[in-house]
Amino acid sequence: MSAKAWRAWTTREVDVMRANGHLGVEAVHDALLRECGTDRSVRSIESQASRRHVSLRVQQVCPECGVVGVRLNRQSGLCPMCTEMMHLNEEIAFNETLQREREEKADEADVAQIRRERDRMRQRNSRLCRKFGLKSRRDRRDGK
């Protein structure tokens, strides 16, 4: 091996390797090329990682918070903390919906409006029954 072919690893290259090691050796190679402009071989990266005690094992990353190496929930695709936060936010939103619905159903002005409309219709029906000699609701129910 000639002296020109061999280049010492810079601290910048080692830092890039440490920062991207959890993505795998190919990702480290691409990051070195992109950030440092050096084209290191896969074997060179593996060798240097072994010397520097840097793991190149591909590990999962939470897309929400970016934590590395935790087991992701297969349904949500998030780490346990983010999954629980998502569930909490869903429950808070559902609670707000329930509160809003309850307030709409118990609005006194709306209830009074409906009651007035019902009383008006009952009075109208009573007048029609008296005017045309029809059976009232009570008479119809009792079977008279």
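The values are calculated or read from the model by the stated rules, or taken from the named source; none is laboratory data. Worth saying up front: this structure is predicted, and the values here are computed from it rather than measured. FYI the Cβ positions are ideal-geometry reconstructions off the backbone, even for glycines, and counts take in every protein chain you see. For the accessible areas, the whole protein counts, side chains as well, though only heavy atoms, and no ligand, DNA or RNA atoms are used. Shrake-Rupley method; radii C 1.70, N 1.55, O 1.52, S 1.80 Å.
Give the residues of the stretch 110-144 that are open to solvent by 70 Å² or more (accessible area, probe 1.4 Å) and either at positive phi or not in a helix (DSSP H, G or I) (or both), sorted by residue number.
Of everything in the stretch 110-144, those that are open to solvent by 70 Å² or more (accessible area, probe 1.4 Å) and either at positive phi or not in a helix (DSSP H, G or I) (or both) turn out to be L134, K135, K144.
Which condition breaks for I45 when tested against (1) touching a Lys or Arg at 6+ places or on another chain (Cβ under 9 Å); (2) open to solvent by less than 20 Å² (accessible area, probe 1.4 Å)?
That leaves (1) as the condition not met.
Restricting to the stretch 4-42, and then to whatever is of a type in the set (V, I, T) and in a loop (DSSP other than H, G, I, E, B), can you tell me which residue is least open to solvent (accessible area, probe 1.4 Å)?
Of everything passing the filter in the stretch 4-42, T38 is least open to solvent (accessible area, probe 1.4 Å).
Just name the residue that is surrounded by the fewest Cβ atoms within 10 Å (Cβ to Cβ) out of those in the stretch 49-89 that are in a loop (DSSP other than H, G, I, E, B) and among the charged types (D, E, K, R).
Result: R74.
What residue, among those in the stretch 97-109 that are open to solvent by less than 100 Å² (accessible area, probe 1.4 Å) and part of a helix (DSSP H, G or I), is farthest from A19 (Cα to Cα)?
A109
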